[in-house]
1. Residue check, GLU88 against (1) free of Cβ contacts under 8 Å to residues at least 40 places away in the same chain; (2) at negative phi; (3) part of a strand (DSSP E or B), all met but one. Which one?
2. Taking region 85-96 on its own, how many of its residues are under 20 Å from TYR151 (Cβ atoms) and exposed (fewer than 15 other Cβ atoms within 10 Å of the Cβ)?
3. Within region 70-84, can you find the residues that are assigned to a helix (DSSP H, G or I) and either open to solvent by less than 60 Å² (accessible area, probe 1.4 Å) or touching a Gly at 6+ places or on another chain (Cβ under 7 Å) (or both)?
4. Being part of a loop (DSSP other than H, G, I, E, B) and either of a type in the set (A, V, I, L, M) or out of contact with any helix residue (DSSP H, G or I) (no Cβ under 7 Å at 6 or more places or on another chain) (or both): is that true of TYR67 here?
5. Could you check TYR67 against (1) without any contact (Cβ under 8 Å) to a residue 24 or more places away in the chain; (2) closer than 23 Å to ALA150 by Cβ; (3) aromatic (Phe, Trp, Tyr) and say which number it fails?
6. So, in region 135-147, exactly how many residues are open to solvent by less than 20 Å² (accessible area, probe 1.4 Å) and of a type in the set (A, V, I, L, M, F, W, C)?
7. Out of all the residues in region 168-207, which are in contact with a Pro (Cβ under 7 Å, 6 or more places away or on another chain), among the acidic types (Asp, Glu) and either under 19 Å from ARG39 (Cα atoms) or modelled with pLDDT under 85 (or both)?
8. Given the options PRO103, PRO132, PRO108, name the one that is of a type outside the set (A, V, I, L, M), closer than 22 Å to ASN162 by Cβ and open to solvent by 40 Å² or more (accessible area, probe 1.4 Å).
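The values are calculated or read from the model by the stated rules, or taken from the named source; none is laboratory data. Bear in mind the structure is a predicted one, so any value in this text is a computation, not a measurement. Glycine also receives a Cβ, built like all others from the backbone with ideal geometry; neighbour counts cover every protein chain displayed. Heads up: the accessible areas ignore ligands, DNA and RNA and are worked out on the full protein's heavy atoms, side chains in. Shrake-Rupley method; radii C 1.70, N 1.55, O 1.52, S 1.80 Å.
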Amino acid sequence: MIRSLALAAACCLPAGGALAHPHIFITTALELQVDDTGRLTGVVVTWDYDEMYSMLLLDELQLDPDYDGILTEAELDELDGYDLNWMEGFEGDLYVSTAEGRPVELGPPEGLGVSFDDQTYASRHLRPLERPRPASGLVVKAYDPGFYTAYDLGGGVTVSGNPACSARIIPPEIDESYKDLAAELAELPPDAEGYPQVGETFAETVQITCETKS
C-alpha cells in the first residue's frame, strides 16, 4: 500500500532524483516499553506522514471531498489500520537487535488509532516483542531497507515503565553515507532491475541503557 503511493509521489520528483532520494517522509516517535524487571516488552511506533503522502492518501480513498483538511469520525475510522495491512515478509520498517547485532523478533502490529492534523496523517501501533528480553544494550532502528521511505526520529524517543532505563539517539554519518550510496549506484548497469538496500545506512540508531542497582 505505502509503496504504491510512493510510486505516485515519485512522479513529482526531478528526473534522476528517484534513485538517490526517498519518496515518502515520516516523522517517527518511538516509545520503548520496559517492565519493572528491566526487560523490553514492546515498542509503540507513531508515524506522522508528510503532507504530499497525506494528500495522495486522501485522494486515493476519496476522503475529505471539501478539501478543508478536517476529517469526520467516519473518515478517521476508514483510515484506522490502513497502513497496517502489511504484505507478507514486511518487517514494519522497525528493527531491534542485540549489541552484537543479533535480531530480536517482533510480533505483528497492534493498532492504537490515527489522527489527521495540520494536513498530515498520523498513526500509532504497538510492536510487542515475541519474547521480552533485557533492555539494556539493545539497539532499535526505524528504516526502510530500500529507502523508498525516509524515517526520522523527530517525534522523539521515550522509555516508559522503568525510570532506570533511558535511550540515546545516534545520528548516521551522512557524508560517508552519501559517498557509499554514490559508489554503489555507480556500479549499477543502466538496465539494472534492483537498487542497493541502503536504508540502514541513513538510519538513526537508538541505544537503550539501564542503570544497575548498586
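1. Checking GLU88 against (1) free of Cβ contacts under 8 Å to residues at least 40 places away in the same chain; (2) at negative phi; (3) part of a strand (DSSP E or B), the one that fails is (3).
2. The qualifying residues number 6.
3. The answer is GLU75, LEU76, LEU79, TYR82, ASP83, LEU84.
4. So TYR67 passes the test.
5. Condition not satisfied by TYR67: (2).
6. The number of residues fulfilling the criteria is 4.
7. GLU184
8. Going through PRO103, PRO132, PRO108 in turn, just one is of a type outside the set (A, V, I, L, M), closer than 22 Å to ASN162 by Cβ and open to solvent by 40 Å² or more (accessible area, probe 1.4 Å): PRO132.
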